[in-house]
Amino acid sequence: MSFAGTISLYICNEMLYAGKHDQCKPPPYSRPVELGLKWVADNWRNSHAPYGWYAMERLGILTGYSEFGGHDWYQAGAAQLCPRVSRGGGNMPDLAFGILFLSRGLEPILINKLKRTGDWNLHWHDIKHLVEFVSEKYQYGKQWRIVTLQPSVDYLLKVPILWISGHEKLIFTAEEKAKLKEYVERGGTILGEACCSQRAFDESFRALLAELWPDSKLRELPKTHPMYDYRKKLPSFRPKIEGLAIKANQGRLGVIYLPHGISCQWERGGSRAGNAFFFGANVTLYIDEKIARRFKTADQLEREKVPTIPTPILPDVGDDDVDEEEE
């Protein structure tokens, strides 16, 4: 019930401010929601009834959190529910909730929103609303998450797009910059946005790319680029897109940049944001399906290693013996 109560409060808070987003700054934090999330983190346990796991999944997907209190809720829930569902044990409602948890949790994550130092979350629901639009419009379930640069690059590369947006100058440590560089060069794609065309963010984002990839430059993509019309043709709605072709990756577009913000329209939603949603769907699905490279983690490569079998030493075969074999 604590999960369900926190979910209800979160949805109510979103709806209360849905029509009030007239400037790019987040609404006031909801203390009840924050206390609910804190309770979930502080009172973590690995055992719940199937309805409890289902409620936790609802909370995780709504808020974008993949873990609570340092615990991966999907991995923990799957470990509990897979044996039960495979045996068909328990009553029918429990079985149904278990299947819902496992199936929804397997939906691919389309985009990660980077939690970083500074104004990383001007719009609480921008990426959430975009991913919901993609899922509903194209009938292909997708999810989103909030991440930091603390996990390994292997973990970050499970998701093809890393969203970075803001007004202020970007601040990254040397270690964080190294992770961003490795993330892109191993197949991930950074999708950046200068919200409200803010100069401080724009200048720092360009400086960051120049530092990480001095041999490559951001270039404006032509209005005929297939990214604009990937899923829906939008001839009259073509915001400026810039791309950075990574020479170390044979010219793959490792960074896509929107110098003039569009996420405020995703946050507001509604019928007037239709073109903005279609544009966001075109860009993110193009990156996911055409640009992002699938990769194998170090653990996967280690597991797939084929043991070396010594080459057998065969006895010398004379020419006469070979002829007889052929005959």
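One residue stands out in the stretch 186-228 among those that are modelled with pLDDT of 95 or more and acidic (Asp, Glu): the one that is nearest to the chain's Cα centre (by Cα), namely Glu193.
Kindly indicate whether any position in the stretch 49-68 is outside the structural domain of Leu156 (by TED's automatic domain parsing) and loosely packed, with under 14 Cβ neighbours inside 10 Å.
Among the residues of the stretch 49-68, not one is outside the structural domain of Leu156 (by TED's automatic domain parsing) and loosely packed, with under 14 Cβ neighbours inside 10 Å, which makes the answer no.
A search for C-beta distances below 8 Å between a residue of the stretch 240-251 that is free of Cβ contacts under 8 Å to residues at least 24 places away in the same chain and any residue that is loosely packed, with under 13 Cβ neighbours inside 10 Å and among the charged types (D, E, K, R), counting only pairs 6+ apart in sequence or on different chains, returns Lys240/Glu220.
Note on the stretch 265-280: residues that are under 19 Å from the mean Cα position of the chain (by Cα) and surrounded by fewer than 21 Cβ atoms within 10 Å (Cβ to Cβ) total 1. When the residues of the stretch 166-219 are filtered to those that are under 17 Å from Ile291 (Cα atoms) and hydrophobic (A, V, I, L, M, F, W, C), which remaining residue is surrounded by the most Cβ atoms within 10 Å (Cβ to Cβ)? The residue in question is Val184. A residue that is assigned by TED's automatic domain parsing to the domain that holds Lys290, of a type in the set (S, T, N, Q), buried (at least 18 other Cβ atoms within 10 Å of the Cβ) and over 18 Å from the mean Cα position of the chain (by Cα) occurs nowhere in the stretch 240-260. Of the listed requirements (1) more than 21 Å from Pro151 (Cα to Cα); (2) in contact (Cβ under 8 Å) with a residue 12 or more places away in the chain, Ser66 misses just one: (1). Residues in the stretch 199-221 that are under 17 Å from His260 (Cβ atoms) and out of contact with any Ser or Thr (no Cβ under 9 Å at 6 or more places or on another chain): Arg199, Ala200, Asp202, Glu203, Ser204, Phe205, Arg206, Leu218, Arg219, Glu220, Leu221. Across the stretch 144-201, the number of residues qualifying as free of Cβ contacts under 8 Å to residues at least 40 places away in the same chain and either within 14 Å of Arg116 (Cα to Cα) or of a type in the set (D, E, K, R) (or both) comes to 14.
The residue that is farthest from the chain's Cα centre (by Cα), counting only those in the stretch 96-146 that are within 17 Å of Ile287 (Cα to Cα) and surrounded by fewer than 15 Cβ atoms within 10 Å (Cβ to Cβ), is Tyr138.
Pick from Arg272, Arg219, Arg231: which is charged (D, E, K, R), within 19 Å of Leu130 (Cβ to Cβ) and without any contact (Cβ under 8 Å) to a residue 40 or more places away in the chain?
Numbers: Arg219 fails: within 19 Å of Leu130 (Cβ to Cβ); Arg231 fails: without any contact (Cβ under 8 Å) to a residue 40 or more places away in the chain.
So the residue among Arg272, Arg219, Arg231 that is charged (D, E, K, R), within 19 Å of Leu130 (Cβ to Cβ) and without any contact (Cβ under 8 Å) to a residue 40 or more places away in the chain is Arg272.
Of everything in the stretch 91-139 that is of a type in the set (Asp, Glu) and part of a helix (DSSP H, G or I), the residue that is modelled with the lowest pLDDT is Asp94.
The values are calculated or read from the model by the stated rules, or taken from the named source; none is laboratory data. Here the structure is a predicted model, which means the values were calculated and not measured. Every residue, glycine as well, gets a Cβ built from its backbone with ideal geometry; the counts of neighbours run over all protein chains shown.
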